[in-house]
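A short worksheet on the structure shown next.
What follows draws every value from the coordinates through simple rules; no lab data is involved. What you see is a predicted model, and the numbers here were worked out from it, not measured in a lab. Cβ sites come from the backbone with ideal geometry, for glycine too, and all protein chains shown count toward neighbours.
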Amino acid sequence: MTAARQAPFLFPDGARLGVDNVLLHARAKRHEVRNYAGPLSIKTVLAGRVAWTVAGRDLVVDPASFLILPAGQEYSMHIDAPRPVETCCAFFAPGFVERTVFDAISPLEQSLDPAERLGPVAPYLAAVHHDAERALVGRAQSLVHRGRHSLAPSGWEEDFLLLAIELMRFSRLIREQAARIPAAKSSTRAELFRRLLIGREYMHSRLAGPVSLADVARSACLSPFHFHRAFTQAFQKTPHHYLTSLRLAQARGMLERGSRVLDACLDAGFVSPAAFTRLFRTQYGESPSAIRKFARLSKK
């Protein structure tokens, strides 16, 4: 890795990927991972945008989203950017999340049985997810700052336990979304939801440019009508509303890091600054300039 000012670090010191719960934090202009199959992990981005390539698809993550990859899933990642990109990835020890899920849904007596088999992490979790409230992203990334100051072992263990619980919460949400798909057969519902996730990933990867409903539906191998209807029922937002929310979240993140309002507007894919300001105020209750001003004052 060619780092920019700051070397990557693993926390805790001496931790081993695939054996321990590990946090990997890095900031660089150039970095590459080729065909790596690691443990269950959560990929987050503090600055910039990063595409992890999985099964031929680019899964793009920005500061308002995260990517979950299951254990054994092979992936690649390539960064070559003019400005440093900052990532924070949490890798779980084998079986850690499964044991947490099992303990959370089982009576205490059953959890004492060492012969009990653990089930796999819920389906559909392995995807890019929008996290506007930064519930999971914020918890993972808070470890970056505290890890530099030798977070106590007990606190570290508790943080990974809470991360696992957040995954459970997202898992429940995803099952609820899949259950809303208008299909009689469970196999049909599962296939439709899988295609909706592909269409959603397509939107995540094209925030800066024009995106049409036809293009998104085509990426999911569905007609525009069926994609729009199923997406709206599953996620309770139209595709256009979802895409707008993603763009506004990206713009807000840029403003909080000091970008000019016009730069945030254009980089997030908005053409009209006036329309951007109106949508931003509706979404967040404040103007873009107010968010930027508050962020600048808080850094002084």
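Using the crude model of +1 on Lys and Arg Cβ and -1 on Asp and Glu Cβ, and no other charge, please compute the dipole size for the chain relative to its Cα centre, in debye to 20.
I would put it at about 1320 debye.
Rank these for me by crowding, His25, His78, going from fewest to most other beta carbons within 10 Å.
The fewest-first ordering by Cβ neighbours comes to His78, His25.
How many angstrom lie between the Cα centre of the range 216-242 and the Cα centre of the range 278-296?
When both Cα centres are located, 29 Å separates them.
State which stretch of the chain is the longest one without any exposed GluC sites (Glu not before Pro), exposure meaning a DSSP loop state and at most 16 other Cβ atoms within 10 Å.
It runs 134-285.
Nearest 20 debye, what's the magnitude of the dipole of the range 216-297 about its Cα centre given +1 on Lys and Arg Cβ and -1 on Asp and Glu Cβ?
Working: 12 positive and 4 negative charges, 19 e Å.
Using Cβ point charges on Lys, Arg, Asp and Glu, the range 216-297 gives about 80 debye.
Sequence-distant or interchain residues sharing an amide H contact under 5 Å with Val85, placed H: which?
Under 5 Å from the amide H of Val85 lie the amide H atoms of Ala28, Lys29, each far enough along the sequence or on another chain.
Compute the distance in nm between two label points, each set 7 Å from the Cα along the Cα-to-Cβ direction, one at His240 and one at Phe225.
1.8 nm
Using a Gaussian network for the chain with springs between C-alpha atoms less than 10 Å apart, which of these wobbles most: Cys221, Cys88, Cys265?
Maximum among the listed residues: Cys221.
How much FRET efficiency would the formula 1/(1 + (r/R0)^6) give for His78 and Ala183, where r is the Cβ-Cβ distance and R0 is 30 Å, rounded to 0.05?
0.20
Identify which of Tyr202, Tyr36, Tyr75 has the largest mean-square fluctuation in a Gaussian network model of the chain, with springs joining Cα atoms closer than 10 Å.
For the chain, modelled as a Gaussian network with Cα springs under 10 Å, the answer is Tyr36.
How charged is the neighbourhood of Ile42? Take every other residue with its Cβ under 10 Å from the Cβ of Ile42, and add Lys/Arg as +1 and Asp/Glu as -1.
Every neighbour counted, the sum reads +1.
Which residue fluctuates the most in the chain, going by a Gaussian network model with Cα springs under 10 Å, if the choices are Val101, Val45, Val128?
Between Val101, Val45, Val128, it is Val101 that shows the largest mean-square fluctuation.
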